[in-house]
Amino acid sequence: MSSTDMLQVISKNGKAKRGAEPNLPKKTLLAMYEAMMQTRLLDERMINLQRQGRIGFYVPSTGEEAAQVGSCMALDDTDWLFPSYRVPGLFLMRGVDIQHLVANCFGNEADLCKGRQMPVHYAFAEHKLVSISSPIGTHIIHATGLAMAQKLKKDKGISAVYFGDGGTSSNDFHSGLNFAGVAKAPVLFICTNNQWAISVPIEKQTASETIAIKGEAYGMPGVRVDGNDVLAVYDACKKAADRARKGDGPTLIELMTYRRGPHSSSDDPTRYRGNQADEWLDRDPILRFRKYLEVADMWSEKQETELIERLKAGINAEVKKGEAAGQPSLETMFTDVYANVPPHLREQYENLVRDEGTGHEPDPDAAFPL
Amino acid sequence: MSSITMVQAVNDALREEMRGDDDVVVLGEDVGINGGVFRCTADLIDEFGEERVIDTPLSESGIIGAAVGMALYGLKPVPEIQFSDFIWPAFDQITSEMAKMRYRSGGQFTCPMVVRTPYGGGIRGGHYHSQSPEAYFTHTPGLVVVIPSDPYDAKGLLKAAIRCEDPVIFLEPKRIYRAPKMDVPDDDDYVVEIGKAAVRREGTDFTITAYGAMVAVALEACEKAAEQGWSGEVVDLRTLLPLDEDAIIQSVTKTGRLVTLQEATKFCGFSSEISAIVAEKAIDVLEAPVKRVSGFDVPFPYTLEHVYMPHADRVLKAIEGVMTY
Ligand SMILES: Cc1ncc(C[n+]2csc(CCOP(=O)(O)OP(=O)(O)O)c2C)c(N)n1
Ligand SMILES: [Mg+2]
């Protein structure tokens with residue numbers, strides 16, 4: 001395989017290419033299908049909440065479910081993940097309760113990040129899912145540094161970082177890959193190439209023939225994968241993970257897909273690409289995998305209906321739980337800035353409570369424009 | 001005259017300057033067909049084409065660094081940084097390169113250009129879409145730092161900035177991007193002079209210095225103070241660097257009391273400079289210690305944004321403090 005070919009396992013009609021299938025038990029395959037469906041349904045529910053004004057902002061990952069689920073399935077729970085803002089599936093795969101994701105989107109007192117970040121900027125230390133930052137690309141080099149630490153400490157784990165095609169233009173993409181190449185760090189650079197960075201198409205992001213090819217310049221393999229084919233994604237990531245674990249160093253993985261929805265709940269993509277997204281409807285990753293499972297006699301219409309009903313009910317129940325909490329206390333604005341609250345912050349907090357009390361109503365007119 | 005928002009004012013200023021000078025170019029993320037995520041560069045690409053309205057790859061150091069190169073050649077680039085919170089990859093290009101080019105080359109090279117970027121809170125954007133970074137730039141010799149507080153100034157100051165011989169950081173208070181509208185001249189030659197503050201309300205008992213979205217908050221606080229019989233004067237700084245010290249000293253000399261107002265965190269904030277200047281040059285006119293109203297010294301929060309942001313009642317408390325000292 002060269003870094004300009006595209007790896008594919010399942011063809012459009014659901015048939016597997018001979019000899020290309022990874023050896024996965026039925027149970028795992030069905031778990032992957034379920035995780036993809038859960039990701040889709042969660043996104044739909046959250047977008048709905050946003051439209052109803054119950055959460056301020058959301059970033060859907062519609063059409064990118066195979067990229068999330070296939071890659072995460074190829075990793076161990078002890079591996080560290082550096083997610084982007086468009087990979088809710090990773091959190092579901094790692095077993096984070098949906099109510100925690102919901103609490104984050106509400107920014108309420110049940111949110112583990114204490115309502116300090118915008119929606120979808122999750123962090124779950126317990127699951128080795130590192131805090132998401134808005135600035136694009138900054139976490140790519142963190143993953144390299146963490147992998148260097150894993151190598152130093154002879155840790156069996158590896159690290160994996162998720163970013164978009166836009167992210168490949170950031171300074172820290174360059175440093176991240178360069179450092180990792182030199183250090184032979186056990187890290188997977190997983191680029192979800194959904195062909196858009198807000199309104200900027202991939203042709204304006206890079207003049208490279210592919211993103212995968214950039215790996216070669218940093219001394220690592222680059223592989224290009226059909227990102228709507230969950231088995232191909234799994235296979236490429238598993239091989240790269242095995243390689244990293246063996247001490248053979250990093251891999252750049254380009255997952256080709258398409259950002260079907262808006263960049264975020266504040267974006268109107270018809271302004272810059274018309275109805276182009278419709279062309280990708282029949283390349284839907286969930287549909288493709290479902291066909292595969294049906295061809296292999298592992299899935300039926302009845303199972304599909306039952307699954308969707310069960311997942312929806314679960315999501316609704318969790319949304320209720322996650323939404324129930326109140327606003328974070330005023331104190332949370334001043335804690336965690338440092339290990340201990342220093343005197344000037346204590347003074348500012350005490351003055352605030354003395355002058356204004358603890359009751360504050362949010363501004364109903366504030367709305368996030370992007 | 002047309003009645004327009006600040007977004008439209010920025011757009012008009014860009015269009016007029018691009019029409020008047022072929023060397024003016026716009027570059028940044030999503031500034032082309034999308035017209036900028038806040039629509040400040042809307043439709044410019046239709047009139048001036050892809051070569052003068054450039055959608056760049058996602059790299060802020062690339063955007064500013066490329067603009068520096070263009071400016072060295074003689075173009076007048078007006079790069080946009082989508083949110084000022086994302087300006088930091090370009091900090092080196094701004095502070096080490098753009099700001100120092102003239103000085104380090106003995107005046108042989110210059111890079112006049114305008115870095116436009118929305119800043120400030122009030123839009124539920126959490127800490128990466130809300131910060132006020134002005135003090136990082138006012139700490140850098142060689143930079144001009146401008147912040148308009150209404151559509152009239154946004155247009156006039158931006159046009160002046162594009163014609164300025166020095167590099168300008170042009171911070172746009174996004175909270176008031178779309179409201180309120182205001183009558184703004186259509187005349188090509190109208191500019192607002194850089195380096196001059198404006199008195200937005202005259203008063204005799206206390207002075208408030210403010211800029212950007214905080215000017216409206218200062219005015220609201222003055223209304224409330226008037227109910228108690230206190231007469232406030234509001235000085236809108238408009239240009240932070242070089243600062244119109246005379247306007248501040250003049251006002252404080254008249255009123256004898258000073259409240260400074262900013263959204264940014266307090267410690268080493270721009271207001272600290274104002275209070276130091278007044279202490280050095282006019283301490284004898286003060287009848288009360290200066291009070292600084294600002295954001296708290298914490299990262300900008302999400303849910304508690306409305307607590308973090310200075311509001312009129314918090315300013316009133318400071319006014320009470322200087323009036324009853
Ligand atoms: C350093 C930086 N610059 C600009 C932005 C604004 N911004 C947010 S997302 C985005 C596009 C990112 O595109 P890509 O990396 O392809 O990821 P995708 O959104 O497609 O998943 C931009 C420009 C940012 N968050 N950080
Ligand atoms: Mg993208």
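Where a number appears in this text, it was derived from the coordinates with a stated rule and is not lab data. In this text the structure is predicted, and so the values were computed from the model without any measurement. Cβ placement follows ideal geometry from the backbone for every residue including glycine, while neighbour counts extend to all protein chains displayed.
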- [ ] Pairs of Cα atoms under 8 Å, at least six residues apart: use those to get the relative contact order of chain A, whole percent.
- [x] 24 percent
TODO: Rounded to the nearest 10 degrees, what's the angle between the helix A:230-245 long axis and the longest principal axis of chain A, both from Cα atoms, 0 to 90?
DONE: 80 degrees
Open item on the list: Test of understanding: in a Gaussian network model of chain A with alpha carbons linked when under 10 Å, which of A:333, A:93, A:46 would top the mean-square fluctuation ranking?
Closed with: A:333
Open item on the list: Compute a Gaussian network model of chain A, connecting alpha carbons closer than 10 Å, and tell me which residue from A:174, A:127, A:360 fluctuates the most.
Closed with: A:360
Open item on the list: Between helix A:285-295 and chain A, what is the angle of the helix's C-alpha long axis to the longest principal axis, kept within 0 to 90° and rounded to the nearest 10?
Closed with: 50 degrees
Open item on the list: Nearest 5 percent is fine: what portion of the DSSP beta bridges confined to chain B is antiparallel?
Closed with: 20 percent
Open item on the list: Could you list B:239, B:207 so that the one with the fewest beta carbons within 10 Å of its beta carbon is first and the one with the most is last?
Closed with: B:239, B:207
Task: Quotient of Cα Rg and 2.2 N^0.38 Å for chain A, N being how many residues it contains - done: 1.02
- [ ] Can you list which of the GluC sites (Glu not before Pro) found in segment B:14-77 are DSSP loop residues with at most 16 other C-beta atoms within 10 Å?
- [x] B:50, B:51
Task: Order of A:281, A:352, A:231 - criterion: other Cβ atoms within 10 Å of each residue's Cβ, fewest first - done: A:281, A:352, A:231
Open item on the list: Could you give each residue of segment A:80-94 its phi-based ³J(HN,Hα) in whole Hz, using Karplus coefficients 6.51, -1.76, 1.60 with θ = phi - 60°, and x for Gly or Pro?
Closed with: 8, 10, 10, x, 9, 7, 10, 9, x, x, 4, 5, 5, 4, 7
TODO: Take the alpha-carbon positions of chain B, form their convex hull, and give its projected area averaged over all directions (one quarter of the hull surface) in nm².
DONE: 16.0 nm²
Task: Per-selection Kirkwood Rh - the protein assembly as shown (Cα, Å, 1 d.p.) - done: 27.0 Å
Task: Peptide-level mean, for B:52-59, of C-beta atoms on other protein chains within 10 Å - done: 6
Task: Inter-label distance, nm, simple model (7 Å from Cα along the C-beta direction), residue A:20/residue B:287 - done: 8.4 nm
Open item on the list: Taking the number of other C-beta atoms within 10 Å as the exposure measure, put B:64, A:308, B:194 in order starting with the fewest.
Closed with: A:308, B:194, B:64
- [ ] Quantify how strongly other chains surround peptide B:284-297 by giving the mean number of their Cβ atoms within 10 Å of each of its Cβ atoms.
- [x] 1
TODO: With a point put 7 Å past each Cα toward its Cβ, work out how far residue A:13 is from residue B:1 in nm, to one decimal.
DONE: 7.2 nm
- [ ] Could you go through segment A:47-55 in sequence order and give the Karplus-derived ³J(HN,Hα) for each residue, using 6.51 cos²θ - 1.76 cosθ + 1.60 with θ = phi - 60°, rounded to whole Hz, and x for Gly and Pro?
- [x] 4, 4, 4, 5, 5, 7, x, 7, 10
Task: Computed over segment B:198-323, the ratio Rg/Rh where both radii use C-alpha atoms and Rh is Kirkwood - done: 0.94
